[in-house]
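Reading through the structure tokens given below for one structure.
The values are calculated or read from the model by the stated rules, or taken from the named source; none is laboratory data. Remember, it's a predicted structure, so these values are computed and weren't measured experimentally. For neighbour counting, all protein chains shown are included, and Cβ atoms are generated from backbone atoms with ideal geometry for every residue, glycine included.
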Amino acid sequence: MKEYVKFWDRDYEYGFCIYSHYTTILGIDSGEGKTWLFDSLAERYNEGIVKIEAGYPVIFADSVNLLTILKTEDRSIVFVDEISINKNSQYLGIVNSSKHFIVAITRAMPFRANSPLCGIYRVITVDNGQFRIEKINKYNDLRIADNIGMADIVVTEASENHSEYSYIMECKKNYNLAFKVIPAGGKDKIAGILYNFTKSNNHSKILCLQ
């Protein structure tokens with residue numbers, strides 16, 4: 001599944017792809033303007049300054065109307081500031097089980113909501129208060145391996161001693177391989193592990209199993 005969301009902001013065009021139920025746009029450092037991004041988009045969209053083209057209706061939700069929106073039958077693309085999700089513990093369960101496409105704008109990694117690596121973006125500001133949205137690995141900040149023989153680090157979705165973690169550890173032992181194995185303990189935690197490598201400028205090649 002891939003759904004493209006296109007924006008027009010005056011004469012400036014940008015967009016991103018939705019690959020799964022939950023998409024994350026990171027504003028991890030305060031200077032990247034997580035709250036500014038959400039407020040600016042919502043305000044300019046409602047005023048007709050920003051136009052959005054997508055295959056489903058686009059809704060900007062807040063802590064007041066999020067629960068109502070999540071319970072609606074018709075599928076929508078729901079933009080939300082992650083703070084609104086975290087304000088109420090019941091929201092997380094409803095978000096994860098909802099059929100809507102959630103686009104969470106956040107400063108923290110999505111530790112409790114599932115977001116695949118290909119669906120994690122960051123904000124890049126450009127001129128005149130405008131910005132673009134790009135994948136976190138667009139410039140190969142993460143040296144991701146696609147073959148176990150070339151990996152320095154293997155990150156598994158499974159926790160220690162479970163599922164593919166156990167299998168990889170057995171392969172490592174049987175074939176005398178030297179890579180390090182990191183059990184994420186959930187698909188939603190993989191993003192945090194990978195992001196730490198971008199912050200530390202780690203040049204290890206990573207194989208991610210999820």
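In the list GLY93, GLY33, GLY15, which residue meets the criterion of being at pLDDT below 85, in the same structural domain as GLY119 (by TED's automatic domain parsing) and closer than 21 Å to PRO116 by Cα? Full working, then the answer.
Details: GLY33 fails: closer than 21 Å to PRO116 by Cα; GLY15 fails: at pLDDT below 85.
Just a single option satisfies the conditions, and that option is GLY93.
When you look at ASN128, is it modelled with pLDDT under 80 and outside the structural domain of LEU26 (by TED's automatic domain parsing), yes or no? In short, no. Hey, can you tell me all the residues within segment 162-188 that are within 21 Å of GLY119 (Cα to Cα) and at pLDDT below 80? Passing the criteria: GLY186, LYS187, ASP188. A single member of ALA145, ALA191 is at pLDDT below 85 and buried (at least 19 other Cβ atoms within 10 Å of the Cβ), and it is ALA191. On inspection, ALA104 does not qualify as touching a Ser or Thr at 6+ places or on another chain (Cβ under 8 Å), at pLDDT below 85 and aliphatic (A, V, I, L, M).
Please go through segment 18-30 and give me each residue that is modelled with pLDDT of 80 or more, crowded, with 19+ Cβ neighbours inside 10 Å and part of a loop (DSSP other than H, G, I, E, B), ordered by number.
Within segment 18-30, just HIS21 meets the criteria.
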